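Everything on this sheet refers to the single structure shown next.
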Amino acid sequence: MNLPNKLTVTRVILIPFFVFALLYQGGENQTFRWAAAAVFIVASLTDLLDGKIARKYNLVTNFGKFMDPLADKLLVCSALICLIELRQLPAWMVIIIISREFIISGFRLVASDNGIVIAASYWGKFKTTFQMIAVVLLIVNLPALTFITNLCVWAALVLTVVSLVDYLFKNHKVLTEGSM
């Protein structure tokens, strides 16, 4: 269990604490919301760190390849579902975002079976960045930042769709021919 894998496991362990803090007292306790934001930010930073450390020190493992994207999806999906519960996001937006994650995961699985690795694209990285920013802004829920929050939410949604189309367009041969 190397450092990047420990960071990934830490991210998964933080999820229940994040969910508890965000939903505590129906999301009405601002102190707990700030705590939830802090936990979400720390968990998000472990995602950034684990990949950099794994690549820099050649600590890439099969466990990390499997768990890192799963931990990311669990964190983001947990946040988005909680924000539906708190009536801060419409379910249809979250369905689009989660659907994209399932489609890309399935796509990567098919590619992997054919010995193809589909790397993260810049669109996917932009999508993740805007999703993380939007989630933090929604968690802290500051009325003065409503315009910026809404802008980030819509940017995250647009980038979700754009990154999906980009992945499918660039890698369509994975499904149509079985190889690239």
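Output the number of the condition that Phe32 fails; it satisfies all remaining conditions of (1) open to solvent by 70 Å² or more (accessible area, probe 1.4 Å); (2) among the aromatic types (Phe, Trp, Tyr); (3) free of Cβ contacts under 8 Å to residues at least 40 places away in the same chain. All conditions pass for Phe32, except number (1).
With respect to being under 27 Å from Leu151 (Cβ atoms), among the β-branched types (Val, Ile, Thr), open to solvent by less than 60 Å² (accessible area, probe 1.4 Å) and assigned to a helix (DSSP H, G or I), Ile84 fits the description.
Looking only at the range 99-120, count every residue that is assigned to a helix (DSSP H, G or I) and either open to solvent by 30 Å² or more (accessible area, probe 1.4 Å) or modelled with pLDDT under 90 (or both) and tell me the total. Walk me through how you get there before you give the answer.
Looking only at the range 99-120, we keep the residues that are assigned to a helix (DSSP H, G or I), and these are 99-113.
Now drop any that are not either open to solvent by 30 Å² or more (accessible area, probe 1.4 Å) or modelled with pLDDT under 90 (or both), which leaves 99, 102-103, 105-113.
Count: 12.
Can Ile96 be described as at pLDDT 95 or above, surrounded by 13 or more Cβ atoms within 10 Å (Cβ to Cβ), among the hydrophobic types (A, V, I, L, M, F, W, C) and in a helix (DSSP H, G or I)? Show your work before the answer.
On the way: at pLDDT 95 or above: yes; surrounded by 13 or more Cβ atoms within 10 Å (Cβ to Cβ): yes; among the hydrophobic types (A, V, I, L, M, F, W, C): yes; in a helix (DSSP H, G or I): yes.
In short, yes.
If the condition is being over 30 Å from Val60 (Cα atoms) and not in a helix (DSSP H, G or I), then the range 1-32 contributes Glu28, Asn29. Tell me, yes or no, whether the range 169-176 has at least one residue that is in contact with a Phe, Trp or Tyr (Cβ under 9 Å, 6 or more places away or on another chain), surrounded by 16 or more Cβ atoms within 10 Å (Cβ to Cβ) and of a type outside the set (A, V, I, L, M). Yes: the range 169-176 contains one or more residues that are in contact with a Phe, Trp or Tyr (Cβ under 9 Å, 6 or more places away or on another chain), surrounded by 16 or more Cβ atoms within 10 Å (Cβ to Cβ) and of a type outside the set (A, V, I, L, M).
Which is more than 28 Å from Asn29 (Cα to Cα), at pLDDT 95 or above and open to solvent by less than 30 Å² (accessible area, probe 1.4 Å), of Leu159, Leu89? Talk me through it step by step, then tell me what you get.
Values: Leu89 fails: more than 28 Å from Asn29 (Cα to Cα).
Selected residue: Leu159, the only one of Leu159, Leu89 that is more than 28 Å from Asn29 (Cα to Cα), at pLDDT 95 or above and open to solvent by less than 30 Å² (accessible area, probe 1.4 Å).
Answer yes or no as to whether Asp72 is part of a helix (DSSP H, G or I) and in contact with a Gly (Cβ under 9 Å, 6 or more places away or on another chain). It is false that Asp72 is part of a helix (DSSP H, G or I) and in contact with a Gly (Cβ under 9 Å, 6 or more places away or on another chain). Residues that are touching a Lys or Arg at 6+ places or on another chain (Cβ under 8 Å) and part of a helix (DSSP H, G or I) do occur in the range 33-43, at least one of them.
Among the numbered conditions (1) part of a helix (DSSP H, G or I); (2) at pLDDT below 85, the only one that Trp123 does not meet is (2).
The values are calculated or read from the model by the stated rules, or taken from the named source; none is laboratory data. Keep in mind that what you see is a predicted model, and the values were worked out from it rather than measured. Cβ atoms come from the backbone with ideal geometry, glycine included; neighbour counts cover every protein chain shown. Accessible surface is based on the protein model in full, side chains and every heavy atom, while ligands, DNA and RNA are left aside. Shrake-Rupley method; radii C 1.70, N 1.55, O 1.52, S 1.80 Å.
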